[in-house]
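Participant: Once you've had a glance at the structure underneath, I'll fire off some questions.
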Amino acid sequence: MLRNKQYIFIAMLIFLTGAVGYFFSLAPDSNQQIKVQLLWQNDTLDCQSTFIAGEDKKTWFVEQLQFFIHDIQFSSENSAWEKVNLLPNFYQVDNSVLLGKNCRQTKPASSLDSAGNWQVEFHSDTKITANSRMKFTLGLPFASNHLNPISQKSPLNLPSMFWVWQTGHKFMRLELASSNEQWLFHLGSTGCQSASVMRAPKERCRYSNVFHFEVPAIKNNSKQFVLNLNLAELLNKVTLDSSSSCQSARDSESCQQLFLNLSTTNSSTEAIGAGVFNAGNTKHFDRGVDVE
């Protein structure tokens, strides 16, 4: 009888060990995430941070910075580019993800929308190595950009990131404030033709205003893969005042400079810290994991 109990105990122990191992295998690996960090030059920014910019050396802070990226692909050394699958959640749908935060949100901190999003999450079969490179597109694909946001899943149903059916979503919404001025940059498609602003275009817009980036896969001091958005690179040579705000008008001088800054992509492994989007290390990397 005692021997039978021992056999039962051993069988239960083997079963529990296998079950625990199985559930741990389902847990997301840190390699399946990329942390995104907002920088001003080499320093991290959050909703409480200020930075000095412009010829007049004014002090500015971020009121809102949110942006879409899609078509994320990885490539290792001597291998072809391969698209990856995103985990569906409040900020990710299909192959698009909304990153950033609206610092003016007054909802409780527990609200997903007010918490912001500073990471890209992939399915567990995505393998990122130290030799990998990542490329992605800033913006949304034409097929989903002009759909009715009311019937779309989050994050494609957020009113603050949508213009009208004709032009579609704001690919990037950047709004800054100083003590007595505000400045904004709303990136999106223009030159879109349809019967009215409440109708989606059947053909691609004349100016899609999407931008492509390629960066190496780099880990930070906490051994996490990271992607930086350097605000100083984006605003390079842009005068910040109420008259220079940009809503993607092609004839606007400030828009032209912003488009130029976004077009200066970094595709070389030698300059990993250059460009609007980059993967270089920073002074305060650990702060950026949960940017406010």
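Participant: Over the heavy atoms of residue 162, what accessible area does a 1.4 Å probe trace out, to the nearest 10 Å²?
Facilitator: 30
Participant: For residue 226, list long-range residues whose amide hydrogen, built 1.01 Å from N in the peptide plane, is under 5 Å from its own amide hydrogen.
Facilitator: 35, 218, 220
Participant: Using θ = phi - 60° and the Karplus form 6.51 cos²θ - 1.76 cosθ + 1.60, what ³J(HN,Hα) does each residue of the range 219-231 get, whole Hz, x for Gly and Pro?
Facilitator: With the stated coefficients, the range 219-231 comes to 9, 8, 5, 9, 6, 10, 5, 9, 9, 9, 10, 9, 5 Hz.
Participant: Now a separate question. Give me the 1.4 Å probe accessible area per residue for the range 118-209, excluding ligands and nucleic acids, in Å².
Facilitator: 48
Participant: Quick one: of 83/127; 35/58; 57/101; 101/219, which pairs are farther than 19 Å apart, Cα to Cα?
Facilitator: Too far apart for the 19 Å limit: 35/58; 57/101; 101/219.
Participant: Also: In whole percent, and with a 1.4 Å probe on the protein chains, what portion of the accessible area of the range 186-228 is carbon and sulfur?
Facilitator: Here it works out to 47 percent.
Participant: Taking the Cα centre of the range 124-250 as the origin and placing charges on Cβ (Lys, Arg +1; Asp, Glu -1), which of 208, 152, 126 is farthest toward the positive end of the dipole?
Facilitator: 126
Participant: Let me ask another. List every residue whose amide H lies under 5 Å from the amide H of residue 246, counting only residues 5 or more places away in sequence or on a different chain, with H placed 1.01 Å from N in the peptide plane.
Facilitator: Answer set, sorted by chain and number: 184, 185, 186.
Participant: Can you list residues whose amide H is under 5 Å from residue 181's amide H, if they're 5+ apart or on another chain and H is modeled 1.01 Å from N?
Facilitator: Answer set, sorted by chain and number: none.
Participant: Just to check I understand the Karplus step: with θ = phi - 60° and J = 6.51 cos²θ - 1.76 cosθ + 1.60, what whole-Hz values come out for the range 99-104, glycine and proline as x?
Facilitator: Each residue of the range 99-104 in turn: 10, x, 8, 9, 5, 8 Hz.
Participant: For the range 84-90, in order, what is each residue's ³J(HN,Hα) by Karplus, 6.51 cos²θ - 1.76 cosθ + 1.60 with θ = phi - 60°, in whole Hz (x at glycine and Pro)?
Facilitator: 10, 9, 8, 6, x, 7, 4
The values are calculated or read from the model by the stated rules, or taken from the named source; none is laboratory data. Quick caveat, the model's predicted, so the values are computed rather than measured. Note: ideal-geometry Cβ built from the backbone for every residue, glycine included; neighbour counts use all protein chains shown. Note: areas computed on protein heavy atoms with side chains; ligands, DNA, RNA excluded. Shrake-Rupley method; radii C 1.70, N 1.55, O 1.52, S 1.80 Å.
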